[in-house]
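The values are calculated or read from the model by the stated rules, or taken from the named source; none is laboratory data. Since the model is a prediction, treat every value here as computed from it, not as a measurement. Cβ placement follows ideal geometry from the backbone for every residue including glycine, while neighbour counts extend to all protein chains displayed. Keep in mind that these areas ignore ligands, DNA and RNA; they rest on the heavy atoms of the full protein, side chains included. Shrake-Rupley method; radii C 1.70, N 1.55, O 1.52, S 1.80 Å.
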Amino acid sequence: MLLMTLLQEAGSVSPCLTDDLIKRLATGEKEALAELYSETRAAVYGFSLSIVKNTADAEDILQDTYLKIYSSAGSYKSKGNPMAWILTITKNLSLMKLREKSRFQDLEDHEWEAAATVEAPSEDRQLLQAAMCILSEEERQVILLHALSGMKHREIAALLDLALPTVLSKYHRALKKLRKYLEGADAQ
Amino acid sequence: MTDREIEQRLKQAVEASVPDVLESVMARCDDQKGQVIKMPKKKNIFMKVAAIAASLALVLGISLFAFSYFGTESVATVVTLDVNPSIELKLDKNARVLEANALNDDAARVLSGMELKDTDLATATNAIIGSLLKNGYLHELANAILISVEDEDSVRGAQLQERLSREVDDLLSAASLNAAVLSQYVTHDVEALSNEYEISHGKAALIEQLLTANPSYSFEALAGLSVQELSLLMDNPKNEVKSVSTTGTASDSAYIGKDKAKAIAFEAAGIVEADVFDLDVDFDYEQGILVYEVDFDCGRSEYEYDINAVSGEIVHSRVEEESNYNGNAGNSNESTGSNTGTVPVQPDTATDIGEEKAKSIAFAHAGTTEAEVTRLYVHTEYDDGRLEYHVDFHIGTTEYEYEISAATGNILDYDMDTNDDDYDDIYDDDGRGSEMQPSSSADPATQISEEEAKRIALAHAGIAEADASGLRVTSEYDDGRLEYQVDFRVGSTEYEYEILAANGSILDYDKDTDD
């Protein structure tokens, strides 16, 4: 686990390691699931949250994603982008969840507060909340994916089914909006 | 706050709030499989040890650059050649080629049909340069090549670097090409950067050096430039990069040239070259394009123009006049240049419109009056030595922000935000506006096209399409509604509009003047 922490702190999730874990999972090794979960849960949760916009559903999808990974690990074919495979599962589950709901729910303040153990300094939490509110759908998804999953823009484009220039444009717009928000917050 | 820092904070926030569902997942996995498969104890330990060993090897690989990279092959040196095509040569200790790899599509074209394995470096270099010339990657207008050498043995590496530079230089002279040959010895690990931006080690190392010299650039932006363009940037004295040696100069014939850039700048300023002093013209990279930066002083004013190196369009301009600050009849004024950051003791009332006027300008532009607004907030700010009024207010749920020059009353910047995201659910009675699917009330008859969205935006800004540059229209669904985003630039001012497709109403607009 120390190693995992080291790699996580290095800021990037090594695709080779993830790939390896999925393959081990396919042989029935459950420890691999624990490691995989630890490594990728932030990306899965963050991405899911950016689609469903409420924490209760995102938590459900978090669980369902790993169950699906566990059951489909056998059919995983290594193509050099395991993160994309995992997040495609997350995306599909999230979109299905949305279709189930007859009314889309915005991220209300009290729901956000209800999120389990929030250890982040409150400024970071406010930034995340701002990201949920002031960014558009795609801007939110692109920026969270880029911040959490280690995927490159081109992979994000493939995952979200957008053109690469669109992703780059949304990414920069999102950063611009967030920077503006932060400058406003600082001034207060 | 850098982009990376913003992303890092988002990441931290999510990581801290992810609920821990592992136990629940594991339990459900057991249910799924029906039975927990118990591995015999011996095997368990073996697999655990194997896993740890594999992970340790990975750590070693990351930290001991030389070992993991050069590995078990007898690779002694790695040379990369970058123009636009990016070619990597792995050499053994006798400078024979073990492997030749194309790092991008252009390079694949250059290397196709060539068998370079087991040849000596001189032969391989000859073949590659020949192919670059033949395939048109090196010519009068694109004539800069970067040679990067990585070697565990620094002495051998330095020797190879020198030798290669000379050889390439000779080859290009023989082809009557005046080229810039840049060479560097790469001493540290740029693997991560190289992978993230999908460029060679050599280019990553070069860009890293450029960024150290000039942190205002971004890695992302520079990664897309050719070696030619990077070389031109390095000519700018403020971007001095000592670790790269250059022979020759990169051609700038693809661009309008320094003389033309100067002429454009002087014309815009309405002065002649004879009257200026401290003139400087250099390449720079601003707002995603290569520009000529023309700086000069005239009288008691400082001028700065950024001119698109290809089109000659003035991308950004700034004029700083000292004459505004004559409050304390010019005695012990310390700053010799412009008064950036100096706060005048007595604001000159002739050049300050006052808070009331600033407010009325803002209200007039927004089509409202002070009585109708809420949450009014007015404050002043100095920007580049200029006094500005910032007028912020709300009308209903729409937020307005204005930046107004205190001296002239010009609106420098304005922003309008309908804030639908925050208030939609609270004020929305029928629930239709907040569905994810397109709203069923979208009337195809009133839905506007991209063309119309563009026209609406331009009309609101009071700009003719011919005067707008970088005009772009994209569309996306936001909260279940189709919206158009229209972006364009006029000189140094950027406009952004968000327009509802259903009826053409403007949801959000932003005007940003670069000062």
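Select from B:Tyr292, B:Ala274, B:Ala250 the residue farthest towards the positive end of the dipole of region B:214-307; place +1 on Cβ of Lys and Arg, -1 on Cβ of Asp and Glu, and compute about the Cα centre.
It is B:Ala250.
Would you mind getting me the FRET efficiency between B:Ser311 and A:Thr27? Use the beta-carbon distance for r and R0 = 51 Å, nearest 0.05.
So, using R0 = 51 Å, E works out to roughly 0.30.
Got a sec to turn the phi values of region B:235-250 into Karplus ³J(HN,Hα) couplings, 6.51 cos²θ - 1.76 cosθ + 1.60 with θ = phi - 60°, whole Hz, x for Gly and Pro?
Coupling constants for region B:235-250: 5, 5, x, 6, 10, 4, 10, 7, 7, 10, 9, 10, 10, x, 10, 5 Hz.
What value does region B:131-205 have for Rg/Rh, both radii from Cα atoms and Rh as Kirkwood defines it?
Taking Rg over the Kirkwood Rh, I get 1.02.
Given 5 Å bins starting at zero, what is the percent of C-alpha pairs of region B:82-145 in each, up to the one with the largest pair distance?
4, 19, 30, 25, 14, 6, 2, 0
Using Cα pairs under 8 angstrom and six or more residues apart, how large is the relative contact order of region B:139-263, in percent?
After rounding, I find 34 percent.
So for region B:87-246, Kirkwood radius off the Cα pairs, Stokes-Einstein at 4 °C and 1.567 mPa s: how many µm² s⁻¹?
Calculated translational D: 80 µm²/s.
What's the carbon and sulfur percent of region B:169-246's accessible surface, probe 1.4 angstrom, rounded to a whole number?
Whole-percent figure for carbon plus sulfur exposure: 47.
What translational diffusion coefficient, in µm²/s and rounded to a whole number, does the Stokes-Einstein relation yield for region B:109-159 at 25 °C and a viscosity of 0.890 mPa s, taking the hydrodynamic radius as the Kirkwood radius over Cα pairs?
Here the translational diffusion coefficient equals 193 µm²/s.
If R0 is 45 Å, what FRET efficiency do you get for B:Ala213 and B:Glu452 from their C-beta distance, rounded to 0.05?
Between B:Ala213 and B:Glu452 the formula returns 0.45.
Roughly to the nearest percent, how much of the accessible area of region B:368-410 is carbon and sulfur, given a 1.4 Å probe?
That share works out to 45 percent.
Rank these residues by their accessible area, most exposed first, probe 1.4 Å: A:Met96, B:Met114.
Largest accessible area first, the residues go A:Met96, B:Met114.
Residue by residue, what Karplus-based ³J(HN,Hα) values in Hz, rounded to whole numbers, does region B:357-366 have, using 6.51, -1.76 and 1.60 with θ = phi - 60° and x for Gly and Pro?
Computed from phi, the couplings for region B:357-366 are 5, 4, 4, 5, 4, 5, 4, 4, 5, 7 Hz.
Determine the dipole magnitude for region B:130-179: charges of +1 sit on the beta-carbon of Lys and Arg, -1 on that of Asp and Glu, nothing else is charged, the reference point is the Cα centre, and the result goes in debye to the nearest 20.
240
Taking H placed 1.01 Å from N in the peptide plane, check which residues at least 5 places from B:Ala144 or on another chain put their amide H under 5 Å from its amide H.
Amide H to amide H, under 5 Å and 5 or more residues apart or across chains, B:Ala144 pairs with B:Ala180, B:Gln228.
Modelled label-to-label distance, B:Arg28 and B:Thr374, 7 Å Cα→beta-carbon offset: nm?
Spacing of the two 7 Å Cα→Cβ label points: 4.3 nm.
With θ set to phi - 60° and the Karplus curve 6.51 cos²θ - 1.76 cosθ + 1.60, what are the ³J(HN,Hα) couplings of region B:194-210 in order, to the nearest whole Hz, using x for Gly and Pro?
4, 6, 4, 9, 6, 10, 5, 4, x, 5, 4, 5, 4, 5, 4, 5, 4
When the Cα atoms of region A:138-188 are enclosed in a convex hull and the volume is divided per residue, what value in Å³ results?
60
How many Å² of accessible surface get buried when A and B come together, counting both sides, probe radius 1.4 Å, rounded to the nearest 100?
Answer for the A-B pair: about 6000 Å² buried.
Would you check the accessible area of B:Thr123, probe 1.4 Å, heavy atoms only, in square angstrom rounded to 10?
My reading of the accessible area for B:Thr123 is about 70 Å².
How long are the semi-axes of the ellipsoid equivalent to region A:44-96, from square roots of 5 times the Cα gyration tensor eigenvalues, in whole Å, largest first?
Here the semi-axes work out to 20, 11, 7 Å.
Among the residues of region A:48-64, which ones have their accessible area go down by 10 Å² or more when all the protein chains sit together, as opposed to their chain alone (1.4 Å probe)?
Residues meeting the cut-off: A:Lys53, A:Glu59, A:Leu62, A:Gln63, A:Asp64.
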